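Working notes, beginning with the structure itself.
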Amino acid sequence: MNSEFWNFLGLQKPVMEYCEKAGGGIIARPGYFISNFAYIIIGFVLLAKKRKISKTFGIFAILIGVASGIYDASYRANAQFLDVTVMFGFVIFLFCLNLKYIFNLNIRKLILLYILFIIIYFVSIDFLFAKGADLIPFGVGVFGVIASQLYIWVKLDKNTYSANNKMWVAAFILFFTGYLIWQFDAHNIICDTLNLFNGRGIFHYLTSIVILLLSNFYCSINFKK
């Protein structure tokens, strides 16, 4: 077992430091912290909808906002791990929805598959944590979502999503735009610590919209089971 990973429950600071430096107050990085409320607002909007899938997206949005908020408030390695884990959980949820459509999985099999992916995540993160590459499973998950969605469009129902695929494409563009802006912030290329619209904040705002778009997109799909 990787002792560096299993010792993360202490009070170590994260390896990565973004543009907004952590202060000594109750909220270490207030600019980043405030931007997480975008997820929570979107989450409650989705919880108010009737569809179960919308409510599930709403729960994930709130969990992402809370986990990321805890990370920005505390600036601790364990909180960073919590943040990454919740993001991975959401991405794998999207991947499982695509697999449900491709293989006509029932809810029981879908839940078991989701649990299996989470177990694999914790096993892999034990190895990756020491190398500072704990975002690799998240990246693999994003690739899985994109690849499976393209497979559905190309190989299965080319016309099924014709009226709604623009939402998915818009979500894709917003996510990667936000990711690029986040990288400018992470590498201090564009850095304004006093601006609520800093790179990480913009990433939060854009990806909260991504969650809303994806919720609407998946609600438009007629799952077989």
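Couple of notes before you dig in:
- Meets criteria (part of a helix (DSSP H, G or I), among the hydroxyl-bearing types (S, T, Y) and touching a Gly at 6+ places or on another chain (Cβ under 8 Å)) for Y101: no
Residues are listed down the side, and each one gets a yes or a no for (1) in contact (Cβ under 8 Å) with a residue 12 or more places away in the chain; (2) aromatic (F, W, Y):
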position	(1), (2)
A48	no, no
A67	yes, no
A79	yes, no
L94	yes, no
Y101	yes, yes
Y114	yes, yes
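- Residue within the range 14-24 that is within 28 Å of W168 (Cα to Cα), of a type outside the set (S, T, Y), crowded, with 20+ Cβ neighbours inside 10 Å and in contact (Cβ under 8 Å) with a residue 24 or more places away in the chain present: no
- Residue in the range 85-95 that is in contact with a Pro (Cβ under 8 Å, 6 or more places away or on another chain) and within 19 Å of H204 (Cα to Cα) present: yes
- Scanning the range 49-104 for residues that are under 18 Å from S208 (Cβ atoms) and charged (D, E, K, R), we see that the one that is surrounded by the most Cβ atoms within 10 Å (Cβ to Cβ) is D72.
- Members of the range 46-58 found to be part of a helix (DSSP H, G or I) and in contact with a helix residue (DSSP H, G or I) (Cβ under 7 Å, 6 or more places away or on another chain), listed by number: L46, L47, I53, S54, K55, F57, G58
- Options A73, A61; residue that is within 27 Å of Q183 (Cβ to Cβ), small (G, A, S) and at pLDDT below 95: A73
The values are calculated or read from the model by the stated rules, or taken from the named source; none is laboratory data. Every value quoted in this text rests on a predicted model; they were computed, and no experiment measured them. So basically every Cβ, Gly included, is an ideal-geometry build from the backbone, and we count neighbours across all protein chains shown.
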